[in-house]
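Participant: This is the structure I have questions about; it appears just below.
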Amino acid sequence: MQWLTVFNKELLESWRNFKWIWVPLVFILLAITDPLTTYYLPQILEATGGLPEGATFEMPEPPPSEVFMMSVSQLNLIGVLIIVLITMGTISGERKSGVAELILVKPIAYHSYVTAKWAAYALLIWISTFTALLASWYYVNLLFGEVSAGSFLRTFFFYGLWMTLILSISIFMNTLSKTAGLVLFFTITLVIALNLLSSVFAHVVKWSPSLISSHLRNTLISGELSSALWGSAGTAVLFIILLLASAAYTLKHKEIS
Amino acid sequence: MITVQNLSKVYQNNRAVDDISFTLSSGKCIALLGPNGAGKTTALRMMAGLISPTSGKVELLEEHSGDIRRHIGYLPQHPHFHSWMTGREFLIYAGKLAYLSKKEAASRADQLLTRVGIFEVRNRRISKYSGGMKQRLGIAQALIHKPELLMLDEPVSALDPIGRRDVLDLMEELKKETTILYSTHILNDAEESSDEILLMHEGKIVESGSLSSLKDRHQVDKISLQFEDSPEAYSQKLDHLDVVTRTEIKKETLDVYVTDQARAREIILNLALKEHWPLLQFEVGRITLEDLFMKVVQSYAVADRIQ
């Protein structure tokens, strides 16, 4: 009941400040850029002056799954930044401005407050990711060749999980700092550190959540779900639960403003 | 209905609230007085559960149980709202967070909007509200779930005289329904609308009780004099008298603090007659809240200096 109240309020807020419009749009834009530019590269080169006389340029046609993965990596770069940007003030901002003082003296459980906010943003992110990957999948099928519906859905699901983990890190950082800029900094630093560590120790730790996209690439090529992918997904879920629990705990035991 | 036991809050080395204890009984209007920085806000916020005390506890008595936040309404000193919401939306949101159904919350919101006098602007975004409207909305949101205890942090200090009057009248009305604890440093307000006061200074409660009992206890009798000319010359003469403890000049008025009111009155009047003082006013009065406030604060300030 109270959970739904906060959840609805978050959805309404995101709607009123147009997040429900621009976030999906930007995601779609990010996702379709690579398939389109890759396909039209010869024409683009032609239009911008072409190649020097005598030079021949043979473009290897990339496999469809490879192009689809390009969209995912594009989202991985800028999409992650957008997620942190839209969520960096969700709790910290309310604490800083003092709204949290009014909200948290009402008899609402701290975990409801945290998870309802999280869920509202998760919904936005899942829907944005879905439409983005759907658009990319459409163009890849149109321009390069078939990627199966199963592969598309699998990519969406596992990649959504990784995005949700980013969201959870941001929510947790929100309870640590009242300054939105610091939330951004800590979250991005943690994500980069996670990426670095797991690529350095990739041969040892196969289940790091940041390996999800590289596991996905293998899955797309081989067409089979590897145990490493499931492992990474499992760790991601575990991390998400831990982060949310710690966020609720921190908020409860910290000075609210 | 609510008991505060040995509540303390320490920030680094600063004891913002230092071991305070008191009990609030139902149906009273209690003013939490003190100069700026006395720890009033910190105390209120601990009671509201917004910050956790370093030691001590806040307890509800018998009939009220469970989450303390269900039974209290709180208005911070500078309330902030989701400015993208309308006033009515915010009240309904607050009501639903306090376990009202959607329908109850809506009807209660309309009722309160009328009561605090912002019904006409209920569908306007809060970002367009004036300071006074926000303060009223703040009071309305604190009342949305009919709390047994209403805590207001400096409810009138940011308002213009008209807004101040309205809020004080509203508090007068609310007294009948709920216990009110409010902090203020405006002594007139406290004198006018509270039954009891708690006087805080440097984190401690230095005085508490009903206004009249406090006045009785601190009955330093006082005689105020006004003259046609400046009062300095007379204050020196009066200082030598054995019934006079001290004199104080406030602009045109000379306040003479005495030990025995009846005898002092006779002596001073006799002196005035004999020396033909150009008296304008001769007033025998008891200590006001302001005097008490200054006295307590100053006596502590002196004690600090001696240490």
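The values are calculated or read from the model by the stated rules, or taken from the named source; none is laboratory data. This is a predicted model, so every value here is computed, not measured. Don't worry about glycine lacking a Cβ; one is built from the backbone with ideal geometry, like all the others, and counts go over all protein chains shown. These area figures cover heavy atoms from the full protein model, side chains too; ligands, DNA and RNA do not enter into them. Shrake-Rupley method; radii C 1.70, N 1.55, O 1.52, S 1.80 Å.
Participant: With the requirement that a residue be modelled with pLDDT of 80 or more, open to solvent by 70 Å² or more (accessible area, probe 1.4 Å) and outside any strand (DSSP E or B), what does segment B:272-295 give you?
Facilitator: B:Leu273, B:Lys274, B:Glu275, B:His276
Participant: Where residues in segment B:248-271 are of a type in the set (Asp, Glu) and out of contact with any Lys or Arg (no Cβ under 6 Å at 6 or more places or on another chain), which of them is most open to solvent (accessible area, probe 1.4 Å)? Working first, answer last.
Facilitator: Filtering segment B:248-271 for residues of a type in the set (Asp, Glu) gives B:248, B:252, B:255, B:260, B:266.
The next check asks that each one be out of contact with any Lys or Arg (no Cβ under 6 Å at 6 or more places or on another chain); those that pass are B:248, B:252, B:260, B:266.
Working: B:Glu248: 54, B:Glu252: 108, B:Asp260: 67, B:Glu266: 124 Å².
Residue satisfying both the conditions and the ranking: B:Glu266.
Participant: In addition: Considering only segment A:182-194, I want to know if a residue exists there that is within 14 Å of another protein chain (Cβ to nearest Cβ) and within 28 Å of A:Tyr113 (Cα to Cα). Walk me through how you get there before you give the answer.
Facilitator: We begin by selecting, within segment A:182-194, every residue within 14 Å of another protein chain (Cβ to nearest Cβ); these are none.
For segment A:182-194, residues within 14 Å of another protein chain (Cβ to nearest Cβ) and within 28 Å of A:Tyr113 (Cα to Cα): absent.
Participant: Assigned to a helix (DSSP H, G or I) and either farther than 29 Å from B:Glu196 by Cα or in contact with a Lys or Arg (Cβ under 8 Å, 6 or more places away or on another chain) (or both): which single residue out of B:Ser235, B:Ser230 fits that description?
Facilitator: On the way: B:Ser230 fails: assigned to a helix (DSSP H, G or I).
Among B:Ser235, B:Ser230, only B:Ser235 is assigned to a helix (DSSP H, G or I) and either farther than 29 Å from B:Glu196 by Cα or in contact with a Lys or Arg (Cβ under 8 Å, 6 or more places away or on another chain) (or both).
Participant: Residues A:Gly145, A:Gly93: which one is outside any helix (DSSP H, G or I) and open to solvent by 10 Å² or more (accessible area, probe 1.4 Å)? Walk me through it before giving the result.
Facilitator: Details: A:Gly93 fails: outside any helix (DSSP H, G or I).
Exactly one of A:Gly145, A:Gly93 is outside any helix (DSSP H, G or I) and open to solvent by 10 Å² or more (accessible area, probe 1.4 Å), namely A:Gly145.
Participant: Sticking with this structure for a sec: Please state which one of A:Ser210, A:Ser232 is of a type outside the set (Phe, Trp, Tyr), in a helix (DSSP H, G or I) and within 14 Å of the chain's Cα centre (by Cα). Break it down stepwise before answering.
Facilitator: On the way: A:Ser232 fails: within 14 Å of the chain's Cα centre (by Cα).
Result: A:Ser210 is the single residue among A:Ser210, A:Ser232 that is of a type outside the set (Phe, Trp, Tyr), in a helix (DSSP H, G or I) and within 14 Å of the chain's Cα centre (by Cα).
Participant: I've got another one for you. Only one of A:Ala236, A:Ala180 is more than 30 Å from A:Pro63 (Cα to Cα) and either open to solvent by less than 70 Å² (accessible area, probe 1.4 Å) or modelled with pLDDT of 85 or more (or both); which? Spell out how you get there, then give the answer.
Facilitator: Working: A:Ala236 fails: more than 30 Å from A:Pro63 (Cα to Cα).
After ruling out the rest, the residue left standing is A:Ala180.
Participant: Within segment B:38-48, identify whether any single residue is buried (at least 16 other Cβ atoms within 10 Å of the Cβ), in a strand (DSSP E or B) and within 17 Å of the chain's Cα centre (by Cα), and answer yes or no. Step through it out loud before you land on a result.
Facilitator: Of all residues in segment B:38-48, those buried (at least 16 other Cβ atoms within 10 Å of the Cβ) come to B:38-48.
Filter once more, keeping what is in a strand (DSSP E or B): none.
No, the conditions are met nowhere in segment B:38-48.
Participant: Search segment B:102-149 for residues being open to solvent by 20 Å² or more (accessible area, probe 1.4 Å), assigned to a helix (DSSP H, G or I) and within 20 Å of B:Glu177 (Cα to Cα), and hand back the single one that is farthest from the other protein chains (Cβ to nearest Cβ). Quick ask: steps written out before the conclusion?
Facilitator: Keep residues of segment B:102-149 that are open to solvent by 20 Å² or more (accessible area, probe 1.4 Å), which gives B:102-104, B:106-108, B:110-111, B:114-115, B:117, B:119-120, B:122-125, B:127-128, B:130-134, B:136, B:145-146, B:148.
Next cut, assigned to a helix (DSSP H, G or I) only: B:102-104, B:106-108, B:110-111, B:114-115, B:119-120, B:127-128, B:131-134, B:136.
Remaining after also requiring within 20 Å of B:Glu177 (Cα to Cα): B:104, B:107-108, B:110-111, B:114-115, B:136.
Working: B:Glu104: 12, B:Ser107: 17, B:Arg108: 14, B:Asp110: 18, B:Gln111: 18, B:Thr114: 21, B:Arg115: 18, B:Arg136: 14 Å.
Filtering first and then ranking leaves B:Thr114.
Participant: Check A:Leu165, A:Leu102, A:Leu143, A:Leu81 and return the single one that is in contact (Cβ under 8 Å) with a residue 24 or more places away in the chain and farther than 17 Å from A:Ala31 by Cβ.
Facilitator: Working: A:Leu102 fails: in contact (Cβ under 8 Å) with a residue 24 or more places away in the chain; A:Leu143 fails: farther than 17 Å from A:Ala31 by Cβ; A:Leu81 fails: farther than 17 Å from A:Ala31 by Cβ.
Only one candidate qualifies: A:Leu165.
Participant: Mind listing whichever residues of segment A:103-141 are in a helix (DSSP H, G or I), within 14 Å of chain B (Cβ to nearest Cβ) and open to solvent by 20 Å² or more (accessible area, probe 1.4 Å)?
Facilitator: A:Tyr110, A:His111
Participant: What number of residues within segment B:42-52 satisfy the criterion of being more than 7 Å from every other protein chain (Cβ to nearest Cβ) and among the hydrophobic types (A, V, I, L, M, F, W, C)?
Facilitator: Matching residues across segment B:42-52 total 4.
Participant: Filtering segment B:73-101 down to residues that are outside any loop (DSSP other than H, G, I, E, B), aromatic (Phe, Trp, Tyr) and in contact (Cβ under 8 Å) with a residue 24 or more places away in the chain, which residue is nearest to the other protein chains (Cβ to nearest Cβ)?
Facilitator: To start, the set of residues in segment B:73-101 that are outside any loop (DSSP other than H, G, I, E, B) comprises B:73-75, B:86-97.
Narrowing further to those that are aromatic (Phe, Trp, Tyr): B:74, B:90, B:93.
When the remaining residues are screened for being in contact (Cβ under 8 Å) with a residue 24 or more places away in the chain, the result is B:74, B:90.
On the way: B:Tyr74: 4, B:Phe90: 9 Å.
Residue satisfying both the conditions and the ranking: B:Tyr74.
Participant: Further question on the same structure: In the list B:Glu228, B:Glu248, B:Glu207, which residue meets the criterion of being charged (D, E, K, R), on the phi < 0 side of the Ramachandran plot and in contact with a Pro (Cβ under 6 Å, 6 or more places away or on another chain)? Quick ask: steps written out before the conclusion?
Facilitator: On the way: B:Glu248 fails: in contact with a Pro (Cβ under 6 Å, 6 or more places away or on another chain); B:Glu207 fails: in contact with a Pro (Cβ under 6 Å, 6 or more places away or on another chain).
The conditions single out B:Glu228.
Participant: Those residues that are within 8 Å of chain A (Cβ to nearest Cβ) and either outside any loop (DSSP other than H, G, I, E, B) or modelled with pLDDT of 85 or more (or both), I need them from segment B:53-72; list them, please.
Facilitator: B:Arg69, B:Arg70, B:Ile72
Participant: Quick check: is even one residue across segment A:197-214 open to solvent by less than 10 Å² (accessible area, probe 1.4 Å) and aliphatic (A, V, I, L, M)?
Facilitator: Scanning segment A:197-214 turns up at least one residue that is open to solvent by less than 10 Å² (accessible area, probe 1.4 Å) and aliphatic (A, V, I, L, M).
Residue-by-condition table, conditions (1) in contact (Cβ under 8 Å) with a residue 12 or more places away in the chain; (2) within 14 Å of chain B (Cβ to nearest Cβ); (3) closer than 20 Å to A:Phe152 by Cα; (4) more than 16 Å from the chain's Cα centre (by Cα):
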residue: A:Ile21; (1), (2), (3), (4): no, no, no, yes
residue: A:Ala31; (1), (2), (3), (4): yes, no, yes, no
residue: A:Val72; (1), (2), (3), (4): yes, no, yes, no
residue: A:Leu85; (1), (2), (3), (4): yes, no, no, no
residue: A:Gly89; (1), (2), (3), (4): yes, yes, no, yes
residue: A:Gly98; (1), (2), (3), (4): yes, yes, no, yes
